[in-house]
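The values are calculated or read from the model by the stated rules, or taken from the named source; none is laboratory data. Given the structure is predicted, the values throughout are model-derived calculations rather than measurements. Note that each Cβ is placed from the backbone with ideal geometry, even for glycine, and that neighbours are counted across all protein chains shown. For the accessible areas, the whole protein counts, side chains as well, though only heavy atoms, and no ligand, DNA or RNA atoms are used. Shrake-Rupley method; radii C 1.70, N 1.55, O 1.52, S 1.80 Å.
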Amino acid sequence: MAKFITFEGIDGAGKSTHIAFVADLLRAQGLQVITTREPGGTTLGEALREVLLHQKMHLETEAMLMFAARREHLAQVIEPALARGDWVISDRFTDATFAYQGGGRQLPLAKLEALEQWVHPHLQPDLTLLFDVPLEVARTRLDATRTLDKFEQEKADFFAATRAEYLRRAAQFPERFRVIDATRTIAEVQQELKQIISSLPSQPGGKQ
Ligand code: TMP
């Protein structure tokens, strides 16, 4: 059965490096896989991404625009792909809103839960890979040669709160989260990813 896999972590955790690796692992099993991202993934979503990453706005506007982009992404990309039987890998999804807008920006989680209930009451990722690193490690991985976006320019306490909320959610939903120690080498992380993917239900040798 098609699965919905999300990649999460604070900026600089290194998650993006591993998306193509996991997609290729699944494709090697003969599965149809699409990779996408949030905010983004659609023409409107990418336009909203530009605004979200570069313009100052009210914190609630930011949270609502994240969910507006997500609504479009679900309708145009994620839901049709899952309905076709394709696997979907998304670079971030709703856990990012809880972590960044709930943790980092300190918006009440109940407001985010209300938006989540509105936008995707019946859908959750089957698997969420949380790439976890201490803040100092994440900082050193941000590419110093380009201009940092609005989120990347945030201070250490913002990222501490964002990381803490990610870890709190991982503990709250242990059945779908896997916390990956992303301080290790790429090869070590890929080894663990291979094990996680091969133990998924519907994989050859998997649990189901
Ligand atoms: P990216 O750089 O990993 O593509 O993510 C874009 C930025 O948007 C990143 O700093 C995290 C932030 N973000 C939120 O604050 N809330 C969200 O719901 C999502 C999806 C991303």
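What's the carbon and sulfur percent of the chain's accessible surface, probe 1.4 angstrom, rounded to a whole number?
55
Could you point to the residue in GLN124, GLY41, PRO201 farthest towards the positive end of the chain's charge dipole, with +1 and -1 charges on the Cβ of Lys/Arg and Asp/Glu respectively?
Selected residue: PRO201.
Compute the Cα gyration tensor for the chain, then decide on rounded, prolate or oblate, letting a ≥ b ≥ c be the square roots of its eigenvalues: rounded whenever a/c is under 1.5, prolate when a/b is larger than b/c in the other cases, and oblate in all that remain.
In terms of gyration-tensor shape, oblate.
Give me the dipole magnitude in Debye, nearest 20, for the stretch 4-199 about the Cα centre, with unit charges on the beta carbon: positive for Lys and Arg, negative for Asp and Glu.
60
Only helical DSSP H runs with n ≥ 4 go in: add -39500 (n - 2.57) per run for the chain, normalise by residue count and round the 222 nm mean residue ellipticity to 500 deg cm²/dmol.
Taking each H run of at least 4 residues, the total per residue is -14000 deg cm²/dmol.
Rg/Rh for the stretch 1-79: what does it come to with C-alpha atoms and Rh from Kirkwood?
Dividing the radius of gyration by the Kirkwood radius yields 1.02.
Got a sec? Charge dipole of the chain, +1 on Cβ for Lys and Arg, -1 for Asp and Glu; which of LEU26, PRO134, PHE159 is way out at the positive end?
So the residue we want is LEU26.
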